[in-house]
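See structure below.
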Amino acid sequence: MSSIFNLIDGIKAPILMVLIQIAYAVNTILYKLVANEGMSLCVLVAYRYLFASIFMVPLAYFVDRKKKPKITAQVLVQAFLCGLFGASLQQNLYAEAVILSGVTYATVMFNLIPAVTFILAVCFGLERLKIGTLTGKAKVIGTIMGISGAMILTFYKSIEIHIWSTHVNLLKHTQPQNVSSHNIWGSFLALGTCLSFSIWLIIQAKMGEKFPWHYTSAALMSVMASIQAIIYALCMERGDWNQWKIGWDIKLFTVVFSGFVASGIVWVSIAWCVRIKGPLYASVFNPLFLVLVVIGGSLLLDEKLYLGSVIGSLIIVIGLYFVLWGKGRELKKTIEQKQTTDLVGDQPSKIITTKLEDDKSVEIIVAVK
């Protein structure tokens, strides 16, 4: 029975991260639909975090009220920075990158997040490069493979594959191809999106060390993000109040889903994963986001599926396996070292190998005084 519980406990984090990427993919498709309807994306971002606040604040109160989380000035500053880099700034940069460079190009740039996060995590001491070890090589190779697979998936098409066709296209208006898909300014904004998201993961990891109340943390972040996003949207859409009108349509559904699910629930889940597994672990699942967007686009938006998409997806999955294997080995080694420390205390120790009569050997850990 204990082995079953250990197995369930071991797969909770990867399953949760996959569900998070599914939520992000659904949210992206909804973004495409409301943008096709003519809704301002900065207004959508403002509504998203306003609804996230409405959802998260009461939830955090009921879940964490008995724990009495201590909200200090440092926590408020960290929440402000999380709301800025992980929400309002990141989403508005992404929206502008979509306008200038196109949805596909802006989306594929998200797959630079693992590389950027890995570099930042090493700089801040949250990850050790350990390039000389097998686990270190696995993390580096896996990250490179994930990024490479994402690039192949987007830019290499080759032949069209007819595996399925629902003949469903939810877009009411056909959008012309964006001629500025390689716009330099749009590329910088997309890179800024990746940098902003990676900085958020680092800050979230630091915040989670001394403030492990995930619901309260997500609530504070959503409130800060909503204030920032509303101010920005009012500045960008001043005088055009029609952009703020939403009815019982796809716009309202997108606002509710993006606020309640893609922000509120996802933030709590990511905060838990970052505290348990670290920021790099949370970031390496981002390439799955693009894979799911491609699949969802082919099923619901009548987008074409090409051989390059399949090849890129396989490379991404293999790259993820490399990184997860490396992280798993590191985690196992850390647990073994902690158990050894707990066994002998703070005193230095050494391992003595004793040979038994049946030619078997046993290792005994002894404290050295």
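The table below gives the values:
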| item | result |
| --- | --- |
| Amide proton proximity set for Tyr306, modelled H, under 5 Å, gap of 5+ | Ile161 |
| In nm, spacing of pseudo-spin labels at Ile131 and Ser148 (7 Å Cα→C-beta vector) | 1.6 |
| Burial order of peptide ranges 62-71, 231-240, 268-277, 130-139 (average beta-carbon count within 10 Å, highest first) | 268-277, 130-139, 231-240, 62-71 |
| Under Karplus coefficients 6.51, -1.76 and 1.60, residue-wise ³J(HN,Hα) of the stretch 259-271 in Hz, glycine/proline x | x, 6, 8, 5, 10, x, 5, 5, 4, 4, 5, 5, 4 |
| Calculated from backbone phi, Karplus (6.51, -1.76, 1.60) coupling profile of the stretch 187-197 in Hz, x at Gly/Pro | 5, 5, 5, 5, 5, x, 4, 5, 5, 4, 5 |
| Simple spin-label estimate for Lys157 and Lys66 in nanometres, 7 Å along Cα-Cβ | 5.8 |
| HN-Hα J in Hz across the stretch 136-147 - Karplus 6.51, -1.76, 1.60, θ = phi - 60°, x for Gly and Pro | x, 4, 5, 5, 5, 5, x, 5, 5, 5, x, 5 |
| Additional length obtainable on full extension of the chain from Thr334 to Gln74, 0.36 nm per residue less Cα span | 90.6 nm |
| Per-peptide average of other Cβ atoms within 10 Å, ordering 256-262, 74-80, 331-337, 144-150 highest first | 144-150, 256-262, 74-80, 331-337 |
| Three-way shape label, the stretch 12-344, alpha-carbon gyration tensor, a/c 1.5 | oblate |
| Extension reserve of the Asn242-Ile318 stretch, reckoned as 0.36 nm per residue once the Cα distance is removed | 22.7 nm |
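Since every read-out is calculated from the coordinates, none of them should be taken as a lab result. Since the structure is predicted, the reported quantities are computational estimates derived from the model, not experimental observations. We place every Cβ from the backbone using ideal geometry, glycine too, and count neighbours over all the protein chains shown.
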